[in-house]
Amino acid sequence: MPTISQLPSADSVAASDLVPISQGGSVHAVSVGELLAQTQAAIIVSPPCLLGRFSIGAGGPDTIAIGDGLTLNSGTLSASAFDLQALPTQTNLSLSDQFVIDNAGTLQFAAAGLLRELFTAGANVTIDSNGVISTSASSSASMPALSELSPISALSSGDLIPVSQNSQDYAITYADLLNGVTIDMAQTAGAASDSDTFWVAQSSNVMLRQTLSSLWPWVSQKLQTWNRPVIELTVNTTLEGAPHNNALLVCSSSLLISTIAANLGSGFRCEIINVSSSLVSFSGNILSSSGSTSLSPYQCATIYCVTYSTGSMVFASIGAGGLATTSPGQATSLAATSLTPNGLSISWAAPTSGGNVAVYSVQYRPSETTTWLVAGQTNGAVTFTVGGLQAATAYDLAVSAENNIGTGPLSSILTVTTPAATVLPGPPTGVIAANITSNSMTCSWTAPTVGGTGVVYEVQYTISGQTTWNTAASNISATTIGLSNLLPGTTYDLQVIASNTSGSGSPSTTITAQTVQVAGSVTAITWALAPTGSYAHGEGAIGVNAHVNPETATIQFGFSTSSTSPPTSWLTGVHVNSDLWGQYLATPATTGTWYAWAEGSDGSCPTVYATSFTVT
């Protein structure tokens, strides 16, 4: 029998191949498949895993996964680094909790309560069995005296200072202590005296003590070099407290000074100097020492604002103007600025020679008479209004300037004539309507008895109930006119107005007349559906309908931008049922406010829907 090594090698192995096997002392043949069927199948696991047995009963090995803190690498099982982030979070501590500690290289558990044994209470501090830390009352035996403490020469902002607040002891930084000090914490002082002291800082932030008596020489020295501010005014100005108090105001042109006491404040004071050649005027709420409401050239005034028991007052103390050594010169350029039948206004220029003017006197007389009448005086103003004159009358006027030295020469004489009195025509009377048809009528009237010379007329009409008048004719001298293109069966209001060269008089009494109703014409229209709200321009159509009387009379619909003027184009309605007529009208292509109208197809009974609609 050959040996195994003497046998030829098989190229491949199949499950049906036979191999010898000894069974019961005899040699038998068995297939490879039958032989291997009784063996354990190959087990393949992926790292990190182990093979073991933890299940109950018969079976092969189980796959065992490694736990936290272990690693399996190339068949080697070892401990891994401890990952704190992988542990669950503990939100509260209790005395039963435990910590891991390293005791001489050996890891051990320690109860959380043992941590308290590491702490001891210091002076005036206690720790109870529950771990509560509190302060205890101090005693002279445990608290050192201030004299026993080490002295310091300076304080820093972070130094702590003890304070007691609501019976509790606290510490506060030196910076917070100083910032918390307010003036109302100090005791009320008595009357001020030179020996009073206050805090100052000189050349550094170190606080020093200063007395009031040492302050006054410094203030007095500074006052010697202080000058009041000078402000030039060239336009009308309202005085204000902040910019104008204690200021010298120099007016270099003619202007108006106004004041509001509330904006100045009691104790306000300023001085005003007029260096212009014209007047500087004051508003009416400024009282003056001289009664004058203006400053003459080179005159000055001091303005005060005071509040006392009866209220507030603005007062002007007006000084004398430039000292006059001669009487004023002659006023010039006298001219009339307005004329009425019973009055006139004049203006003039101040004298260019002589002394300063205190007042101007205005005189007048009927022309061709010799006696002058005094119309009045002005406190330096170069305008004046003369009243109480006769209409259509010629008058001579002259002006003279005066001061404390005397009266200057009379100005050149100005001659003017007042216009004739205006007489407007009265209202026409006897207005009647005649020759009435379905679309026309005549209107006649009687001329007014007042202002009848050169009178012309305007005839107006409107559909009754409407407020806008239409003009049938104007600027006519006849007292009769025909009205045409009227609507049948419609009531109209008529009035006549007379005018002359002076203007228009009052309208006549309004009369009412109704055109003749045409057979089949509409007598009444009542809206059932009309547009309201907003519509997009040129898009789609808008539905309308209305009840008509008589119900068989055809009506038409249209849109107008006016509630008083009917549309220029119409669309005949459709008979819906009974007395209801309707139609769909194209939405207007023009944006704006529109009104819906309806009327008989013959133009009878035009009716507008009172509520407008908007086209956007």
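Please tell me the relative contact order of region 524-615 in percent, rounded to the nearest whole number, where contacts are Cα pairs under 8 Å and at least six residues apart.
36 percent
Taking the Cα centre of the chain as origin and charging only Cβ (+1 Lys, Arg; -1 Asp, Glu), how large is the dipole, in debye to the nearest 20?
Around 2320 debye, computed over the chain.
Not counting the cut sites, what is the longest span of the chain without chymotrypsin sites (Phe, Trp or Tyr not before Pro) that DSSP labels loop and that have at most 12 other Cβ atoms within 10 Å?
Between the exposed loop sites, the longest stretch runs 227-616.
Suppose the chain between Ala37 and Ser16 were pulled fully straight at 0.36 nm per residue; how much longer would it get relative to their current alpha carbon spacing?
Extending this stretch completely gives an extra 6.3 nm.
Toward the positive end of the charge dipole of the chain, about the Cα centre and with charges on Cβ (Lys, Arg +1; Asp, Glu -1), which of Pro488, Gln108, Ile405 goes farthest?
Ile405
How far, in nm, would the chain grow between Thr302 and Ala86 when pulled straight, counting 0.36 nm per residue and subtracting the alpha carbon separation?
Answer, rounded to one decimal: 68.8 nm.
Using amide H atoms built 1.01 Å from N in the peptide plane, name the residues 5+ places from Val574, or on other chains, whose amide H lies under 5 Å from its own.
When sequence neighbours closer than 5 places are left aside, the close amide H contacts are Gly582, Gln583.
With contacts defined as alpha carbon pairs under 8 Å and 6 or more residues apart, what's the relative contact order of the chain in percent?
5 percent
How far apart, in nanometres, would the label points at Trp216 and Thr552 be if each is projected 7 angstrom from Cα along the Cα-to-Cβ direction?
Between Trp216 and Thr552, the label points sit 11.7 nm apart.
Can you give the alpha-carbon Rg of the chain over 2.2 N^0.38 Å, where N counts its residues?
Dividing the Cα Rg of the chain by 2.2 N^0.38 Å gives 2.32.
I need to check one value: relative contact order of region 388-543, counting alpha carbon pairs closer than 8 Å and at least 6 residues apart, in percent.
Answer for region 388-543 is 21 percent.
In nm, to one decimal, how far is the modelled label at Ala192 from the one at Thr590, with both set 7 Å along Cα→Cβ?
About 7.8 nm, to one decimal.
Test of understanding: what is the full-extension gain from Asn236 to Leu529, defined as 0.36 nm times their sequence separation minus their Cα-Cα distance?
Working it through step by step, the gained length comes to 99.2 nm.
Give the value in nm², to one decimal: projected area of the alpha carbon convex hull of region 429-514, averaged over all directions.
Average of the hull's projected areas for region 429-514 equals 5.3 nm².
Working from Cα positions, state the angle (0 to 90°, nearest 10) between the long axis of helix 212-223 and the longest principal axis of the chain.
For helix 212-223, the angle is close to 50 degrees.
Computed from the coordinates by the stated procedures, all read-outs in this text should not be read as laboratory data. Predicted model, so just to flag it, every value in this text is computed and none were measured. As a convention, Cβ positions derive from the backbone with ideal geometry for all residues, glycine included, and neighbour counts pool all protein chains shown.
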